[in-house]
Each structure stands twice: as C-alpha cells, then as structure tokens.
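What follows is a set of notes on a single structure, which appears directly below.
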Amino acid sequence: MSNRKPIWHDSHVLALARSQGISDPEEAIKSLCKTLIDETGSCGPPIKPEILASFRGVDAIRRVPMKEAGRLIPVRDGFEIEVNSSHTAEKQNFSINHEVCHTFFAEFSSRQTKTDWETGVFNAELEEEFLCDVGASALLFDPRWFRPAAINLGVASKSVFELSGQFTGSLEAITRALCDLDLWPCAVVFWEESIKPKQSHLIFQNALPGLEDVKDNLSRLRVKLSWHSPSFKGVHYFPKHKSALEDGLVVSCLSSHTATAGYELVDSPCQRLWMDSVYVPYRKDGNLCPRVMTVATLSEKPQHHAL
Ligand SMILES: [Zn+2]
C-alpha cells in the first residue's frame, strides 16, 4: 500500500497479526481474506460479498436508507450488516466487505456495533478502519485474478471499466487497487470543478453587488482524488486541489463529455504525460455531479512488468 503504516499501536490489530504468525498487520489481514475466499470455494471474480459474509457468521445483509456507509451489528450467534441503499451496488460491495473484515477483529475485542460513516478512505490513523479497507479491497480484487486480468487489459481508461464489470468494484476502488499493484508507472486522477479551500471565504462575497462572477472566476477543474503507483510517484504527483491545464485535454473532456487522449505537459515538476480521460459523472443526493477520470502514464503503450 502506498501509505503503509510503519508502526502499529492498536492492541486488537497487533493481536490479529500475532494470531496469524505475521508481524505486518496488513499482510495478516490479506492472508485472512485469501483464506476466506478459499473457504467459499470461489474460483474467480466476481466474488460475492454476500457469500463471503455468510462464511463469517453474517446472518443478514440489509440495504437500508442511512446516512452512514455501513454498519456491523453483533447478534446472538453472529452478525448482521446494514449498508447504505443509496450507494451504488459497487460501493455497497466494498462497504459489505469492509464490515466483513471487522468480524476478524471482533475475535479480539468486545462485540460492539461498528458504524462506518465512510468506507474506502484508507485512513492510516485509524488502524482497524485502515485494515478493513485493505481487506475489503483484497476481497473484491484478489490479486490471483486481478493481477493477470489487469496485465491482460493494460493500463487505460477502458481497462478500468472492464475490470469494474468483472470484479464488481467502483471506479475509485478499482483504480486504487490497480495503482497499488504497480504493474506500470501510472496515476489515476478524478477531477471535479471546485474552488480552492483557502478561497472559499470569497464565495460569501458572491452575493454582493458587482461580485457575482467571483465564484465562476475561481472555479476550476481540480483534483478531487488521485491514486499513484509507487513507481509513478518518483516522476510526478497530482496533489489534491491541483487545477487541470486550462484549455487542455482534461478540461476538453469535461466540456464535451467526450473521451480525450493525448500527450499533455504538466508542471510541478514539468513532465510530458499520456492523459487518457473519460467523462464519468455520478449522482449525489439525486444531483448529477460532473466528473472526469484520467489515467496518466509516461507513454502511450506502457511496458509491462515481468509477467
Ligand atoms: Zn469500519
């Protein structure tokens, strides 16, 4: 993982790692996930979260209206899971797998309801939450099948859609798993129109006469989320809130709703990258949110790692 924790403190996390005879908790949770998949007899994607959950003593999965992403509820002989019914099916899959991973920790702590406002944020400060995200990814994208599928498809935006279909994962989760594999130097960037956080106070002045255009002038297509393969990070990094090149291919993709691809010069540091962009809007609270996903690589046809 790109933001691997060097030191672990949580006693439950350390106990889980010890139980597996593995010093690195991240490797321990991945090992538990691999064993769980094997127990279900799965022989390839998609690996249904409902089946994985049933093998962990989850009696019921309820898709309900809720503000949170998911919840694991201990019951007399096992668990129940509630997941946010307004999320996409792919996001729900990740959240269910996240809750399934909490059942591993339940063996080392008191059985309390776990409520997750968010899943998939990989917050390294919250060790159990981080590891449940790592586990959710490992359950959805078992490298025994994900790695060869990714190599076969190559690094491109159309590959992301193909992998999403095969592995029933969201674009965000698929692209993170793809970058973590580090098959090629690549980055995946999700762009949305926004203003810089430090300029947000200026929006309040927007209502003043003569300042109606302030928001429009400050709003740019900016990095909302980005994943980088370890081998890409040494070349270039897309920080959050970085704006897309004005009149560039990414902006063109947003305005035309049409896929764009070509070389583009990016700065800080200056680098010539192949930018493969697609328009991928999503819905939030019923509203359509425009968004662009870019797969950035060093060349049009990245070299494969040794297979
Ligand atoms: Zn959680």
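Read the figures in this text as sums done on the coordinates, not as results from a lab. Since this is a predicted model, take the numbers as computed values, not measurements. Using ideal geometry, Cβ is built from the backbone for each residue, glycine included, and neighbour counts are taken over all protein chains shown.
Numbers at a glance
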read-out	value
Fraction of antiparallel bridges per DSSP, the chain only, in percent to nearest 5	85
The chain pair-distance distribution - Cα-Cα, 20 Å bins, rounded %	31, 55, 15, 0
Given charges at beta-carbon only (K, R positive; D, E negative), |dipole| of the chain in Debye	200
The chain - Cys residues lacking any other Cys C-beta under 4.7 Å	Cys33, Cys43, Cys179, Cys186, Cys253, Cys270, Cys289
Cβ charges +1 (Lys, Arg) and -1 (Asp, Glu), total dipole of segment 145-297, debye	360
Principal-axis tilt of helix 89-106 within the chain, Cα atoms, nearest 10 degrees	40
The chain, relative contact order in percent, only Cα pairs under 8 angstrom and at least six apart counted	14
Cut-off 14 Å between beta-carbons: net charge of the residues surrounding Leu36, Lys and Arg +1, Asp and Glu -1	-1
Helical contribution to [θ] at 222 nm, DSSP H n ≥ 4, -39,500 (n - 2.57), averaged over the chain, rounded to 500	-11000 deg cm²/dmol
Estimated Rh, segment 145-297: Kirkwood, alpha-carbon pairs, angstrom	16.4
Helix 11-20 axis, angle to the chain major axis (alpha carbon atoms, nearest 10°)	70
Calculated FRET value between Glu107 and Asp267, using beta carbons and R₀ = 51 Å, to 0.05	0.55
Alpha-carbon Rg/Rh ratio, for segment 244-300, with Rh computed the Kirkwood way	1.04
Residue order, fewest to most beta carbons within 10 Å, for Thr168, Thr40	Thr40, Thr168
Violating pairs (Cα-Cα greater than 21 angstrom) within the set Lys91/Lys114; Lys158/Lys284; Lys198/Lys240; Lys67/Lys284; Lys48/Lys284	Lys158/Lys284; Lys48/Lys284
In Hz, Karplus ³J(HN,Hα) per residue of segment 247-252 (6.51, -1.76, 1.60; θ = phi - 60°; x = Gly, Pro)	6, x, 5, 5, 5, 4
Crossing angle, helix 143-153 versus the chain [Cα axis fit, 0-90 degrees, rounded to tens]	30
